Amino acid sequence: MTPAPRAAHGTPDATAVTTAGPALLDEARRLAPEAVALRRALHRGPELGLDLPATQRLVLDALDGLGLEIRTGRALSSVTATLTGAADGPVILLRADMDALPVTEDTGLPFASRNPGLMHACGHDAHTAMLVGAARLLAGRRDALPGRVVFMFQPGEEGEHGARHMIEEGVLEASGERADAAFALHVQPRLPAGALRLRPGPQMAASDRFRVVVRGRGGHASAPHTTIDPVPVACEIVLALQTMVSRTLAADDSAVLSVTRLAASTAHAVIPDTAELAGTVRTLAEPTRQRLHEAIVRVAHGVAAAHGATAEATVTTGYPVTVNDPGFTDLVLRTAAGTLGAEAVDVMPAAPLTAEDFSYVLRAVPGALAFLGACPPGVAPHEAPSLHSARMDIDEDVIATGIACEAAVALAFLTGDEPERPR
Ligand code: NI
């Protein structure tokens, strides 16, 4: 199938950038040893949250000499690098997250974490190394490049809203003009190495927390009739919340509500004054998200009132739904198929209910997030240690795949010249 023609963006030498096919993968493979070395250096020294000084240093050193305009963050140790092509054109933003997790590594790798209690267990080390590689590849093609590429290196993806902070500090306008599109990859050890998977519409969920405190009246456990026991009330709320989700939403409107914490008395013969429950709610559409937030509060209040108790229910919003733009998703699918081979690329049938703060970028700019399969050698994808596991590992060969994919998507968007999908 020949891709639908796209408007060209006035490049001085359009033919020079039409090699965004398999040749781009070869070029990425030549850059891979350096990128793998960077990934291992990052893996050895994981850092947490919004302040990643050693990580930032490694990225700045790796970008040195590429002729990019570099900015660092004020409130967080971000790096924003802009590549300006030889001709005018649109602006695309490519993003990597850089932070690690509070996990004690158990991989036995020779380059395992040297920072006690911290690990790159979500593959952000690989994302950072791939984006540096893509910057190197694209910088080498600057003379034939119309438009600009903004490379967004982001701290604080793991719950710290790093992307939102970078947006507040102007990353979307870093090139002088607002980004027209945005793209990011996330490695996934439970997909075959080198496989690219994404879908139009919701790609990942909104993730919000809730907490309910039930207030009754405590007393001796031998005389519950003299108390208002908050424990069975809390239990009824747990069950009512589950029923509420299954009876409120249509079968094809995915949502998950999990109560993960229950706490009440600390003694076996004491009925406490209060009981507490808390958990997470995951949704794939904003209206559903709002409905469930309201319903959590209503169910908690209603069930407590039925028993003469009261309840305080609070919902703390986390990351929004990660929504892929359908047109841009189509561009990624076609471009990746032309670069990596059609067999490597597929549309995901459903979105996982994990969350990503790249959602903030995709709420502001059309674009997409895609999963890059990274199952380590010698293990079946469904048995590979998952993201956030202390034994999480990747196939480092996919770093070249990621570099090629990011560069190809940027070239395709900027030049409007997508490689033809192989038959
Ligand atoms: Ni992650």
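The values are calculated or read from the model by the stated rules, or taken from the named source; none is laboratory data. Please read these numbers as outputs of a predicted model, since none were measured by experiment. Heads up, the Cβs are rebuilt from the backbone with ideal geometry, glycines too, and the neighbour counts pull from every protein chain shown. To get the accessible areas, we keep the full protein, side chains included, count just its heavy atoms, and leave off ligands, DNA and RNA. Shrake-Rupley method; radii C 1.70, N 1.55, O 1.52, S 1.80 Å.
For the stretch 214-220, putting each phi into the Karplus relation 6.51 cos²θ - 1.76 cosθ + 1.60 with θ = phi - 60° gives couplings of 8, 10, x, 9, x, x, 6 Hz, in residue order, rounded to whole numbers and with x for Gly and Pro. Proximity of backbone amide H atoms, modeled 1.01 Å from N, is registered between ASP395 and CYS375 at under 5 Å, excluding neighbours fewer than 5 places apart on the same chain.
Annotation: HIS165 carries an accessible surface of approximately 50 Å², with a 1.4 Å probe and no ligand, DNA or RNA atoms counted. Under 5 Å from the amide H of ALA121 lie the amide H atoms of LEU101, each residue being 5 or more positions distant or on a separate chain, with H modelled from the backbone and absent for Pro and chain starts. Residues THR288, THR266, THR104, ordered by accessible area of protein heavy atoms at a 1.4 angstrom probe radius and largest first, appear as THR266, THR104, THR288.
Give the relative contact order (percent, whole number) for the stretch 61-124; include only Cα pairs under 8 Å separated by 6+ residues. Once divided by the residue count of the stretch 61-124, the mean separation gives 23 percent.
Charge dipole of the stretch 206-319 (Cα centre as origin; +1 on each Lys and Arg Cβ, -1 on each Asp and Glu Cβ, all else neutral): 60 debye, rounded to the nearest 20.
The heavy atoms of LEU50 present about 40 square angstrom of accessible area, all protein chains included, probe 1.4 Å. For the stretch 32-112, the convex hull drawn through the C-alpha positions has a volume of 120 cubic angstrom per residue. Distance from the Cα centroid of the stretch 326-341 to that of the stretch 35-88 is 27 Å (rounded to whole angstrom). Could you work out how far the C-alpha centroid of the stretch 248-300 sits from that of the stretch 89-104, in angstrom? Taking the Cα centre of the stretch 89-104 as reference, the centre of the stretch 248-300 is 31 Å away. Fully extending the segment from ASP273 to SER386, taken as 0.36 nm per residue of separation minus the present Cα-Cα distance, adds 36.7 nm. Placing pseudo-labels 7 Å out from each Cα toward the beta carbon at THR72 and VAL379 gives an inter-label distance of 3.5 nm.
Taking the chain as a Gaussian network of alpha-carbon nodes connected by springs under 10 Å, the highest mean-square fluctuation of the residues ALA342, ALA390, ALA264 belongs to ALA264.
Largest accessible area first, the residues CYS235, CYS122 order themselves as CYS235, CYS122 under a 1.4 Å probe with ligands, DNA and RNA left out. Rolling a 1.4 angstrom probe over the protein heavy atoms with all chains in place gives the stretch 275-423 an accessible area of 36 Å² per residue. Within the accessible area of the stretch 206-319, the carbon and sulfur atoms contribute 55%, probe 1.4 Å, all protein chains present. Full extension of the segment from ALA112 to GLU177, taken as 0.36 nm per residue of separation minus the current Cα-Cα distance, would add 19.4 nm.
Given contacts defined as C-alpha pairs under 8 Å and at least six residues apart, what's the relative contact order of the chain, whole-number percent? Reported relative contact order: 26 percent. Once both labels are positioned 7 Å from their Cα atoms along Cα-to-Cβ, the gap between ALA342 and ASP88 label points is 3.9 nm.
Cα-based radius of gyration for the chain, normalised by 2.2 N^0.38 Å, reads 1.11. Three semi-axes describe the equivalent ellipsoid of the stretch 206-319; taken as square roots of 5 times the Cα gyration tensor eigenvalues and ordered largest first, they are 29, 13, 11 Å. Database remark: amide H of ASN324 closer than 5 angstrom to the amide H of GLY201, GLN203 (H placed geometrically; neighbours at sequence offset of 5 or more, or on other chains; Pro and chain starts carry no H). Evaluating 6.51 cos²θ - 1.76 cosθ + 1.60 at θ = phi - 60° for every residue in the stretch 378-388, the Karplus couplings come out as x, 9, 6, x, 6, 9, 5, x, 6, 3, 6 Hz, glycine and proline recorded as x. Among PRO349, HIS301, ALA374, whose Cα projects farthest towards the positive end of the dipole of the chain, with charges put on the beta-carbon of Lys, Arg (+1) and Asp, Glu (-1)? Working it through, the farthest residue towards the positive pole turns out to be HIS301.
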